């Protein structure tokens, strides 16, 4: 065989091998693209189909409702359409006190209520929000939830009712509006007073008030008609927006630096029906959990800013601010401590939550509670 023929054959074999390698490379690329296609398809399909949640808040109006709806409207863009929050105000779908069952039964996917509203169903919920003479500042509640195990207990508790407690949401302290001046604990005697229920109701009943349980959306008409003459509700911005200055003359608060002695850190929450929650991917669940932190911060800051503006409006409307004295704080504390134990002893969950908070309030970090204050009181579950 001639030399140039050998070289020609070697060249042909090299070209065949090269073509084979190119073919294999193309095959691998095609296979990779085919493998990736379902993933891309699934992402696009998830975004295209999306999931829509119906959420209802306890806010009937004002800055609270606006912040809630603005936040709900931001979710669809943040998730590229994978999740949409359709937000509703108080009573838009169901009554405030019906939200629990509505979420449990799937009428609503989620709710943004005042956690205290469920005291009659779950005694421990009294301790999942501010209660009389307890922890006084927002960061103290964050310590309870995120450092001392409160979040895990809340989730375990709500799971028993088929719901997932995502997290607490701050808004601020509650204040009292009245048609008559209230300058001491004695001025509550005989007054027809709206309260949110639970321990707060029992505190003012013990102080002599004739208490009645009403959702926030029903306070104004009750004051206007004279059904009540004193009302506890949230902070000044929302209360002004609801028109309380039109039907009351006074705002009663605690001593200087103690805006509210009975609910200084009123908490809301986001709770989701377990069926709706379990339909989310792991990543989307993490997103919702982080968004509750975002919402809580935005909610709290927005309302506090509006509160400062509202004080001027109340002054211009002729509203008079009165303050309780230090002696009244002592008297309310004497009433509150036995109520702490009464509610803590209603069930094991309530006792567990309260014991964590009691230890914290007695610790060097706070020192709100001393051994003498709780002398003679006992928990059924330790």
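The values are calculated or read from the model by the stated rules, or taken from the named source; none is laboratory data. What you see is a predicted model, and the numbers here were worked out from it, not measured in a lab. In this analysis, Cβ positions are derived from the backbone assuming ideal geometry, glycine residues included, and neighbour counts consider all displayed protein chains.
What number of residues within segment 185-209 are more than 14 Å from residue 262 (Cβ to Cβ) and over 29 Å from the mean Cα position of the chain (by Cα)?
To start, the set of residues in segment 185-209 that are more than 14 Å from residue 262 (Cβ to Cβ) comprises 186-187, 189-192, 208.
If we keep only those that are over 29 Å from the mean Cα position of the chain (by Cα) too, we end up with 186-187, 189-191, 208.
Final tally of qualifying residues: 6.
Conditions (1) farther than 28 Å from residue 109 by Cα; (2) assigned to a helix (DSSP H, G or I), marked per residue:
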| position | (1), (2) |
| --- | --- |
| 232 | yes, no |
| 237 | yes, yes |
| 252 | yes, no |
| 256 | yes, no |
| 261 | yes, no |
| 270 | no, no |
| 275 | no, yes |
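In segment 275-304, what residues are farther than 24 Å from residue 80 by Cβ and more than 19 Å from the chain's Cα centre (by Cα)? None - no residue of segment 275-304 is farther than 24 Å from residue 80 by Cβ and more than 19 Å from the chain's Cα centre (by Cα), so the list stays empty. Checked against (1) in contact (Cβ under 8 Å) with a residue 24 or more places away in the chain; (2) assigned by TED's automatic domain parsing to the domain that holds residue 159; (3) part of a helix (DSSP H, G or I); (4) in contact with a helix residue (DSSP H, G or I) (Cβ under 9 Å, 6 or more places away or on another chain), residue 293 passes all but condition (4). Residue pairs whose Cβ atoms lie under 7 Å apart, sitting 6 or more positions apart in sequence or on different chains, and linking a residue in segment 150-162 that is surrounded by 15 or more Cβ atoms within 10 Å (Cβ to Cβ) to a partner that is outside any helix (DSSP H, G or I), are 151/167; 154/165; 155/164; 155/165; 157/122; 158/164; 158/165; 158/271.
Restricting segment 211-227 to residues that are at pLDDT 95 or above and assigned to a loop (DSSP other than H, G, I, E, B) leaves a set whose member that is surrounded by the fewest Cβ atoms within 10 Å (Cβ to Cβ) is 226. Considering the conditions (1) out of contact with any helix residue (DSSP H, G or I) (no Cβ under 8 Å at 6 or more places or on another chain); (2) closer than 18 Å to residue 337 by Cβ, residue 126 is excluded by exactly one of them, (1). Selection of first residues in segment 76-90 that are at positive phi and of second residues that are surrounded by fewer than 19 Cβ atoms within 10 Å (Cβ to Cβ), restricted to Cβ pairs under 8 Å at least 6 apart or on distinct chains, gives the following pairs, ordered by first then second residue: 80/47; 81/47; 81/48; 81/50.
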